[in-house]
Amino acid sequence: MSVYKEIKRVTTHVLSEMKLKGEKIAMLTSYDFSMAKLVDQAGIDIILVGDSASNVMAGNETTLPITLDQMIYHGKSVVRAVTRALVVVDMPFGTYQGNSLEALNSAIKIMKVTHADAVKVEGGKEIIESVERILSAGIPVMGHLGLMPQSINKYGTYTVRAKEEVEAQKLIEDALLLEAVGCFAIVLEKIPATLGAKVAQTLKIPVIGIGAGGEVDGQVLVLHDMLGITQTFSPRFLRRYLNLAEEIQGAVNNYVQDVKSKDFPNEKEQY
Ligand code: KIV
């Protein structure tokens, strides 16, 4: 049983204590008020307002098109619902890679308008000036290494990253750098489990994995994937806890039939 289940609010400090004590951190995405409320009440530690909203909410092929204002809209909706979890908002593509002042202004806008607890950025050495500048304003930053979906056009494929020594070594160096400048946690996406374990052992800050094996400090999944709302995305790391697509389609189908057959509304369902 979790030592931290009863805590009123998850903070970055609580997360580092969880790592120290070996308690795994559970993280999921949410993009809207109703889902975030359910997820928070169910005891999640971190809610990520992921830029995967671009795929899941807007139907885009990649995370690249989502804008700062759209992320802020999702962030505000989630924060309104949450009383316990730490809320992290993804900084969208193009709002922090260009220059560090732009990064700072984007992060400040996210924090001021959404009231979230932290931001997340993808990358290591290449964006370190931006990370440092955001941190200098007192904004907690979560890093993201391994498969970085905002760089999909560079990779050309969503396959497992850092299988080769050179890329694995760079990932370790980037993780150490992000820790050294003051990030409170990092996400590792789709890398070999042995590398995930090595990074988690090397770093003092929590390492949250998505397809990074079981030896990292916590796990994150996209909510719509683990609930089985999205059907076409089936990577090996994904465990589906529900087949909600079937449930929803069944319910809608029943409703359609009830309306057409005039079964709905019945006498008790009207004034
Ligand atoms: O946007 C997102 O959902 C993410 C997770 C995959 C970690 O970054």
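Per this entry, SER136 is counted among residues that are of a type in the set (Gly, Ala, Ser) and surrounded by fewer than 19 Cβ atoms within 10 Å (Cβ to Cβ). Going residue by residue through segment 231-241, is there one that turns out to be under 23 Å from the mean Cα position of the chain (by Cα), within 16 Å of the ligand (Cβ to nearest atom), buried (at least 19 other Cβ atoms within 10 Å of the Cβ) and within 27 Å of VAL119 (Cβ to Cβ)? No, segment 231-241 has no match at all. Looking only at segment 169-184, which residues are at positive phi and out of contact with any helix residue (DSSP H, G or I) (no Cβ under 6 Å at 6 or more places or on another chain)? Result: no residue meets the conditions.
Applying a threshold of 8 Å to beta carbon distances and a minimum spacing of six or more residues, or different chains, the list of pairs starting in segment 169-180 at a residue that is farther than 15 Å from ILE208 by Cβ and ending at one that is part of a helix (DSSP H, G or I) and of a type in the set (A, V, I, L, M) reads ILE172/LEU195; ILE172/VAL199; LEU177/ILE128.
Can you confirm whether GLU189 is over 14 Å from the mean Cα position of the chain (by Cα) and in contact (Cβ under 8 Å) with a residue 24 or more places away in the chain? Criteria not met by GLU189.
Scan segment 256-267 and give yes if some residue there is among the aliphatic types (A, V, I, L, M) and either touching a strand residue (DSSP E or B) at 6+ places or on another chain (Cβ under 6 Å) or in contact (Cβ under 8 Å) with a residue 24 or more places away in the chain (or both), otherwise no. Can you show your working first?
We begin by selecting, within segment 256-267, every residue among the aliphatic types (A, V, I, L, M); these are 256, 259.
Now restrict to residues that are either touching a strand residue (DSSP E or B) at 6+ places or on another chain (Cβ under 6 Å) or in contact (Cβ under 8 Å) with a residue 24 or more places away in the chain (or both): none.
No; the residues of segment 256-267 include none that is among the aliphatic types (A, V, I, L, M) and either touching a strand residue (DSSP E or B) at 6+ places or on another chain (Cβ under 6 Å) or in contact (Cβ under 8 Å) with a residue 24 or more places away in the chain (or both).
Count of segment 145-158 residues, restricted to those that are touching a Leu at 6+ places or on another chain (Cβ under 8 Å) and at negative phi, is 6.
Quick note: the coordinates plus some simple rules give every number you see, no bench work behind them. None of these values were measured; they are calculated from a predicted model. Heads up, the Cβs are rebuilt from the backbone with ideal geometry, glycines too, and the neighbour counts pull from every protein chain shown.
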